[in-house]
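Beneath this line is the structure, given in structure tokens, with notes to follow.
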Amino acid sequence: MRAHDASRAEPIIDTAQWLAALGQYAAILTYADDLLMVVGANEAFAKTFPTATPRDDEGQKAFGEWAKKIQHFIASKRDRDSFELRREGPLGPEHFLCMIGRLPNGSDGGQQYLFTAVDCTRERSVEKSLRRELLSDGLTALPNRAGFGEEIDDRICHSTWPETAQFGIIAIDLSRFSRVNESLGPMAGDELLITVAKRFKSCLRQGDVLARIGGNDFAVFARLNNGLSDALQIAQRINDALSAPIRLSGLHIRVDCAIGCALSANIGEDPDDVIRKAQAAVKIAKRSGKVEIYRNGVLKEAQRRFTLESKLRDALAQGGLTLAFQPLIHLQTGEITGFEALARWHDPELGHVSPAEFIAVAEESGLIAPLGRWATYEATQTLSRWDAKFGEPLPVGMNVNLSPIQMARDDVASMFEEALHYSGIAGNRLTAEITESAIVADPGKARKLLVALKDLRMHIAMDDFGTGYSNLASLHSLPIDILKIDRSFVFSMLEDRDKAVIVRTILSLAESLNLRVTAEGIETQELALELQRMGCWQGQGYYFARPMSEADAFDYWRARWNFETV
């Protein structure tokens, strides 16, 4: 390769020209005798990055946070590095993305470094705005669930806490919020949330953090200098904040809330764990109607309920549930008049799950509607299969339980109509068992439903009678056929005179209103005989039979077909 002719050699560009041509903030640095010196820089660098008064003609001493980071890089022996620099500028925070790399040694043999920086203030400002939006609730401007966690971390990490300090989480669930949405519309619901958020914020102490962590769920992070006492005082102020009605769409609406509290064991406890504990406590508060403090084991119980919900959803989809049938016995003749269909669940991993447990989970999670539909369809199909097996319709009926939540959320009348249609069963062979609480919750809706069921020729039984809030007016006005005396009265009526009086009173009341009575919980022959003597129409309980499978129930009926006395 031929050497270039000297007359054609390109002019040499000096360092200052190179730096001036760069669009970034740029400088050549050198480091000797523990001093970082700027030996060359473009105009943008000189205006933006601080340097000291020139010591001599070789350069200026560099200082500031950026200089410390470069010194750290030099000590690391790496060839290149990058870092972000934040500093306060005249118009607010400024951000620079800086890069440093080693250059060949200078003419004096000293190591030189190329420093460049790009202004990324605008990008960081946009990121900050986006992050603020991601961490804030757009309706109330409070932190959302993610923002709540960050606020807590910031308070814990950047505040001075004594060794014995602890913090608490107060979870708040607004009651009947869905009713406002349904009755007045979502705009009124939004206005309600904004008003409630303002009231909550006004009653908290400086340093407490209020967040909206769900649709109608709020939470408070509070520093507790006096432990539980502070948490209870905050809960009381929150309740007081909702004591005055809220004006919405020309109406004055009273808003209640459920409050659950959880206290950290120490300042080092994971805040997410404390939040979960508070949410577990608020679920209990929704049932108890008072402020609840998290107890050991509640979170484990909540985790089990979550597991049950997941597995119950799978069981409903995959046919993992079965029905058991408990006979209903005519106490005067001993005939089997029908069976009550009862849901049963045996999970491969969990084993037998109590109906009281999984039905509560189904009601809480919204699975009660599909569970109720499955039970109704399966019960009527069972009756149809028994008829086919016997060759003609059996002289027995089937009782199906209705959950108050299912009655509120599902089209129960159409469900029964479909079940009767697909099974070919006459409506008068089906009895719907409802609880008193279902009627009390929404009397108007309950009346419409019961009338629709009577149009299907179905029977209506009021289950667990005596434990709720029924009155004579509701019994007289509603199309109810049967009262079922709760087993808590029947089980010990022979030993407890007060229970016997209650049973006798219910029987007398039913006779006056032309209603029939079924007694639950008959576990001895003495109980059966006493109820027979008192004129009770029908009974069920372990004395006659425990709930059994479809095949066993049919065989049980066939064995007693010619009936026998009690």
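The values are calculated or read from the model by the stated rules, or taken from the named source; none is laboratory data. What you are looking at is a predicted structure, and each value in this text was computed from that prediction instead of being measured. Don't worry about glycine lacking a Cβ; one is built from the backbone with ideal geometry, like all the others, and counts go over all protein chains shown.
Once the stretch 13-37 is narrowed to residues that are at pLDDT 85 or above and assigned to a strand (DSSP E or B), the residue that is surrounded by the most Cβ atoms within 10 Å (Cβ to Cβ) is A27. Of all the listed residues (T518, T524), the sole one being of a type in the set (V, I, T) and exposed (fewer than 14 other Cβ atoms within 10 Å of the Cβ) is T524.
Selection of strands (runs of 3 or more DSSP E) fully inside the stretch 322-415 by the criterion of at least 2 residues being at negative phi and either surrounded by 16 or more Cβ atoms within 10 Å (Cβ to Cβ) or not assigned by TED's automatic domain parsing to the domain that holds V451 (or both) returns 336-347, 397-401.
Inside the stretch 175-193, can you point out the residues that are within 21 Å of the chain's Cα centre (by Cα) and either hydrophobic (A, V, I, L, M, F, W, C) or not in a helix (DSSP H, G or I) (or both)? Selection gives S175, R176, F177, V180, L192, L193. Taking the stretch 84-103 as the range and being crowded, with 16+ Cβ neighbours inside 10 Å, closer than 19 Å to K128 by Cβ and out of contact with any His (no Cβ under 8 Å at 6 or more places or on another chain) as the test, the residues that pass are E94, H95, F96, L97. Of the residues in the stretch 121-140, at least one is exposed (fewer than 15 other Cβ atoms within 10 Å of the Cβ), hydrophobic (A, V, I, L, M, F, W, C), touching a residue at least 12 places away in the same chain (Cβ under 8 Å) and assigned to a loop (DSSP other than H, G, I, E, B). Annotation: of all residues in the stretch 97-111 being in contact (Cβ under 8 Å) with a residue 24 or more places away in the chain and in contact with a Lys or Arg (Cβ under 8 Å, 6 or more places away or on another chain), the one that is nearest to L35 (Cα to Cα) is Q111. Looking across the stretch 198-246, the residues that are more than 15 Å from A258 (Cα to Cα), in contact (Cβ under 8 Å) with a residue 60 or more places away in the chain and outside any strand (DSSP E or B) come down to N225, G227, L228, D230. Taking the criterion of being in a strand (DSSP E or B), hydrophobic (A, V, I, L, M, F, W, C) and farther than 12 Å from D119 by Cβ, the only residue of the stretch 77-93 that qualifies is F83.
Of all positions in the stretch 94-110, none carries a residue that is touching a Leu at 6+ places or on another chain (Cβ under 8 Å), more than 30 Å from M187 (Cβ to Cβ) and not in a strand (DSSP E or B).
Please determine, by comparing only the residues of the stretch 256-314 that are among the β-branched types (V, I, T) and in a loop (DSSP other than H, G, I, E, B), which one is farthest from E357 (Cα to Cα). Of everything passing the filter in the stretch 256-314, I267 is farthest from E357 (Cα to Cα). Exactly one residue among R176, R254 is surrounded by fewer than 16 Cβ atoms within 10 Å (Cβ to Cβ), in contact with an Asp or Glu (Cβ under 8 Å, 6 or more places away or on another chain) and in the same structural domain as G289 (by TED's automatic domain parsing), and that residue is R176. Considering the stretch 488-519 alone, what residues qualify as being in contact with a strand residue (DSSP E or B) (Cβ under 8 Å, 6 or more places away or on another chain), without any contact (Cβ under 8 Å) to a residue 40 or more places away in the chain and not hydrophobic (A, V, I, L, M, F, W, C)? Within the stretch 488-519, just R516 meets the criteria.
Assessment of the stretch 144-156 against the conditions (part of a strand (DSSP E or B), touching a residue at least 40 places away in the same chain (Cβ under 8 Å), in contact with a Leu (Cβ under 7 Å, 6 or more places away or on another chain) and surrounded by 13 or more Cβ atoms within 10 Å (Cβ to Cβ)) yields no matching residue.
Residues checked against (1) closer than 11 Å to I480 by Cβ; (2) free of Cβ contacts under 8 Å to residues at least 40 places away in the same chain; (3) part of a strand (DSSP E or B):
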{"residue": "N428", "(1), (2), (3)": "no, yes, no"}
{"residue": "A432", "(1), (2), (3)": "yes, yes, yes"}
{"residue": "A438", "(1), (2), (3)": "no, yes, no"}
{"residue": "K445", "(1), (2), (3)": "no, yes, no"}
{"residue": "K448", "(1), (2), (3)": "no, yes, no"}
{"residue": "V451", "(1), (2), (3)": "no, yes, no"}
{"residue": "K454", "(1), (2), (3)": "yes, yes, no"}
{"residue": "I460", "(1), (2), (3)": "yes, yes, yes"}
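The set of residues from the stretch 416-447 being of a type in the set (K, R) and exposed (fewer than 15 other Cβ atoms within 10 Å of the Cβ) comprises just one member, K445. Can you pull out every residue in the stretch 357-413 that is closer than 18 Å to G320 by Cβ, in contact with a Leu (Cβ under 9 Å, 6 or more places away or on another chain) and among the β-branched types (V, I, T)? Listed by number, the residues that qualify are I359, V361, T376, T382. Scanning the stretch 510-541 for residues that are of a type in the set (G, A, S), in a loop (DSSP other than H, G, I, E, B) and over 16 Å from A500 (Cβ atoms) yields one hit, G541.
Taken together, R313, R385 contain a single residue that is of a type in the set (K, R), under 30 Å from R179 (Cβ atoms) and touching a residue at least 24 places away in the same chain (Cβ under 8 Å), which is R313. Put simply, of F115, F167 the only residue that is outside any loop (DSSP other than H, G, I, E, B), crowded, with 18+ Cβ neighbours inside 10 Å, in contact with a Ser or Thr (Cβ under 8 Å, 6 or more places away or on another chain) and touching a residue at least 12 places away in the same chain (Cβ under 8 Å) is F167. Condition (residue is aromatic (F, W, Y) and either modelled with pLDDT of 90 or more or within 30 Å of A375 (Cα to Cα) (or both)) applied to the stretch 292-304: is it met by at least one residue? No; the residues of the stretch 292-304 include none that is aromatic (F, W, Y) and either modelled with pLDDT of 90 or more or within 30 Å of A375 (Cα to Cα) (or both).
Hey, does the stretch 347-366 have a residue that's hydrophobic (A, V, I, L, M, F, W, C), within 24 Å of V412 (Cβ to Cβ) and modelled with pLDDT of 95 or more? The answer is no, given that none of the residues of the stretch 347-366 is hydrophobic (A, V, I, L, M, F, W, C), within 24 Å of V412 (Cβ to Cβ) and modelled with pLDDT of 95 or more.
Here are the criteria: (1) crowded, with 18+ Cβ neighbours inside 10 Å; (2) at pLDDT 75 or above; (3) closer than 14 Å to W66 by Cβ; (4) among the β-branched types (V, I, T). Tell me which single one T51 does not satisfy. All conditions pass for T51, except number (2).
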